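Take a look at the structure below.
What follows draws every value from the coordinates through simple rules; no lab data is involved. Model, not experiment: these values are computed from the prediction. No Cβ is skipped: glycine too gets one built from the backbone with ideal geometry, and neighbour counts run over all protein chains shown.
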Amino acid sequence: MPNTPLPRVRFAPSPTGFLHVGGARTALYNLLFARREKGTYILRIEDTDVERSREELTGQILSALEWLGLEHDEGPYYQSRRYDLYRAAAERLIAEGKAYRAFETPEELDLERKRAEAEGRSYRYSGTGREIPPDESDRRARAGEKFVVRLRMPAETIVVDDLIRGRVEFPAEALDDFVLVRSDERPLYHFTVCVDDADMRITHVLRGDDHLANTPKHVALFRALGAEVPAFAHLGMILGTDRKKLSKRYGAAAVEEWREQGIFPEALVNFLALLGWSPGEDREILSREEMEREFSLDRIGASPSVFDPEKLLWVNAQYMARMPAEELLRRAEPHAPSGLPEKEAALAAVELHRTRARTAIEMGRALSLYAADPEEYDPDGLRKHVRPETAPEIERLIAAFEKVESWTAHDLDAALRQLAAEMKVSASRLIHPVRLALTGVTVGAPLFDVVALLGKETALRRLKKFVAKIRETK
RNA sequence: GGCCCCAUCGUCUAGUGGUUAGGACACGGCUCUUUCAAGGCCGCGGCACGGGUUCGAGUCCCGUUGGGGCCA
């Protein structure tokens with residue numbers, strides 16, 4: 001047996017106030033990879049940016065992940081509680097000569113930068129700090145002089161063997177000695193990430209493409225830290241319909257937003273899984289178990305993908321079509337604006353509307369039609385289906401319905417058609433206004449199922465209300 | 001500006017040198033039908049461009065264009 005250690009992966013969001021769908025996908029891929037490889041999936045919160053990070057914002061990310069069912073095996077770890085680790089690592093790197101103190105003031109650096117710009121050169125740090133002898137550096141630090149800690153970058157091309165992109169080379173000239181710790185002693189992003197990844201023995205880093213260009217820095221850092229360099233897999237970005245990076249103001253970027261729109265978590269997960277990964281066959285609807293079984297890095301595409309809300313809605317509808325009625329009812333309940341009818345009717349209504357609704361919101365709304373009489377009627381519907389004869393016709397229908405012995409769709413259908421025949425009008429001349437009377441709208445489930453479901457009392461009451469209403473408007 | 005990544009229908013994608021370039025969403029039509037859906041059937045629609053390599057390129061290489069990212 002080769003002793004390749006089991007993979008350890010992590011998702012490391014910074015708490016920005018909402019979980020971005022791109023982040024959700026990254027979390028999902030990490031989780032699927034860990035499951036598939038029998039590894040460990042770790043959650044780590046990158047909350048060192050104290051001004052922007054508040055506990056509440058972290059809570060939102062956590063609850064969005066939980067809602068999606070993306071449960072971590074380890075963590076969450078909070079970077080804000082690990083400052084000692086970063087400080088120790090910085091001191092060690094300095095002691096080993098792998099990093100050094102640089103004493104330039106921000107003003108001096110600014111000047112250098114401006115000079116470079118004026119001369120049309122691209123700016124790189126001069127590297128003056130490199131030359132300061134260790135004892136002098138220590139002395140100046142002890143004397144209270146302000147400094148930043150910079151990494152001594154090797155003068156060699158850094159090669160990243162990305163699992164998705166293949167071999168990517170970064171020439172040494174492109175990289176300068178970047179800052180690890182600021183002059184106020186706060187460790188910077190690239191530094192904390194690597195210290196943590198090393199400390200947590202992360203073996204595979206799956207993350208967004210936007211970090212590819214940072215990877216050579218990380219590789220250099222891992223080496224300096226004496227840690228094994230993890231494998232990298234950079235995922236393509238998720239774009240908006242405008243082909244721009246999906247942003248908050250685009251509206252669809254936040255997982256929480258889709259939750260509010262009545263999208264099911266497993267549908268969003270399914271949709272996101274397919275945004276960049278494919279199981280290889282023409283399958284669109286996959287359970288978590290199937291994904292966990294079949295996920296593999298070499299079936300991930302390198303190109304960015306556009307987030308298409310229409311397709312998400314379709315995936316959601318697929319889940320709606322398959323979900324047990326009880327479950328669907330439970331999930332639609334919070335979205336029913338005027339409550340639900342009693343249990344049995346509600347379950348029947350769910351069956352009637354599951355192919356007609358695409359979200360929990362739409363389902364909730366549909367179910368509420370059975371719970372409360374319509375407060376208003378669709379104006380277009382009134383114009384289209386109400387004629388002077390309508391009121392008396394419906395009154396005759398009420399009378400006919402009164403006499404129906406078993407209140408079933410079948411018998412109600414027969415009763416209406418018989419009446420229509422007697423009146424020498426088409427059945428649809430009654431059907432349309434009746435739907436409007438019962439539901440307030442012109443579209444919906446098959447009418448006689450609706451009438452049956454409503455029950456005699458309710459149906460007749462609504463018909464009478466409707467007649468009164470159109471009489472008074474006239 | 002420098003460095004890096006990406007490129008198959010409008011969108012998500014299958015495709016790993018020889019395919020009538022497949023599927024899904026969306027769109028259009030037909031069907032079913034009291035409406036709206038769902039379903040079924042049919043259709044529209046794609047290898048960004050230019051050079052190579054090869055008997056043969058969507059597939060490999062180079063460039064162009066376009067999009068994106070990182071650093072400043």
Practice item. Starting from one equal scatterer on each C-alpha and no solvent at all, send me the Debye-based log10 I(q)/I(0) for the stretch A:1-135 at q = 0.13, 0.20 Å⁻¹, two decimals. Key: -0.83, -1.06
Exercise for review: With viscosity set to 1.306 mPa s and temperature to 10 °C, compute the Stokes-Einstein D of the stretch A:316-371, Rh being the Kirkwood radius across alpha carbon pairs; µm²/s, no decimals.
Suggested key: 152
Review point. What is the order of A:I61, A:I158, fewest Cβ neighbours within 10 Å to most?
Key: A:I158, A:I61
Revision key, fill the gap. Per-residue Cβ contact counts at 10 Å, fewest first, order A:F11, A:F178 as A:F178, A:F11
Exercise for review: For the stretch A:13-67, give the magnitude of the charge dipole about the Cα centre (Cβ charges: +1 Lys/Arg, -1 Asp/Glu; no others), in debye to the nearest 20.
Suggested key: 420
Exercise for review: Any lysines with Cα under 16 Å of the A:K465 Cα? List them, leaving off those in the same chain fewer than 8 positions away.
Suggested key: A:K456, A:K474
Check your understanding: If you find the alpha carbon centre of the stretch A:1-79 and of the stretch A:146-192, how far apart are they in angstrom?
Key -> 23
Revision key, fill the gap. Note on chain A: contact order normalised by length, alpha-carbon pairs under 8 Å, 6 or more apart, percent, works out to 12
Exercise for review: Could you state the angle between the C-alpha long axis of helix A:55-68 and the longest principal axis of the C-alpha atoms of chain A, as a value from 0 to 90 degrees rounded to the nearest 10?
Suggested key: 60
Point to revise | Cα-derived Rg to Rh of chain A, Kirkwood definition | key: 1.18
Exercise for review: Would you list the P(r) distribution for the stretch A:149-265, with all Cα-Cα distances sorted into 10 Å bins from 0 and each bin expressed as a whole %?
Suggested key: 12, 34, 29, 20, 6, 0
Check your understanding: With a ≥ b ≥ c the root eigenvalues of the C-alpha gyration tensor of the stretch A:264-410, is it rounded (a/c under 1.5), prolate (a/b larger than b/c) or oblate?
Key -> prolate
Exercise for review: About the Cα centre of the stretch A:124-274, how large is the charge dipole given +1 on each Lys and Arg Cβ and -1 on each Asp and Glu Cβ? Please answer in debye to the nearest 20.
Suggested key: 340
Revision key, fill the gap. Toy charge model, Lys and Arg Cβ at +1, Asp and Glu Cβ at -1: chain A dipole around Cα centroid in debye, rounded to 20, equals 1020
Point to revise | Estimated vicinal HN-Hα couplings, Hz - the stretch A:364-369 in sequence order (Karplus 6.51, -1.76, 1.60; Gly, Pro = x) | key: x, 4, 4, 5, 5, 4
Point to revise | Relative packing of A:23-30, A:427-434, A:372-379, which averages over residues the other C-beta atoms within 10 Å, highest first | key: A:23-30, A:427-434, A:372-379
Check your understanding: Which length gain, in nm to one decimal place, applies between A:I398 and A:E185 when the Cα-Cα distance is subtracted from 0.36 nm times their residue separation?
Key -> 68.6 nm
Check your understanding: Hey, fewest Cβ within 10 Å first, where do A:H72, A:H410 land in order?
Key -> A:H410, A:H72
**Study point:** Set A:K38/A:K98; A:K217/A:K311; A:K244/A:K311 screened for pairs whose C-alpha atoms are more than 27 Å apart
**Key:** A:K38/A:K98; A:K217/A:K311
Review point. By the gyration tensor of its Cα atoms, with a ≥ b ≥ c the square roots of the eigenvalues, what is the shape of the stretch A:66-132: rounded for a/c under 1.5, prolate for a/b over b/c, or oblate?
Key: oblate
Review point. In deg cm²/dmol and to the nearest 500, what is the mean residue ellipticity at 222 nm of chain A if only DSSP H runs of at least 4 residues count, each as -39500 (n - 2.57), divided by the residue total?
Key: -14500 deg cm²/dmol
Revision key, fill the gap. Cα-Cα pairs in the stretch A:331-411 separated by more than 18 Å, as a whole percent of all pairs, come to 59
Revision key, fill the gap. Checked the stretch A:349-474 with the C-alpha gyration tensor, a ≥ b ≥ c its square-rooted eigenvalues, rounded below a/c of 1.5, otherwise prolate if a/b is larger than b/c and oblate if not; verdict oblate
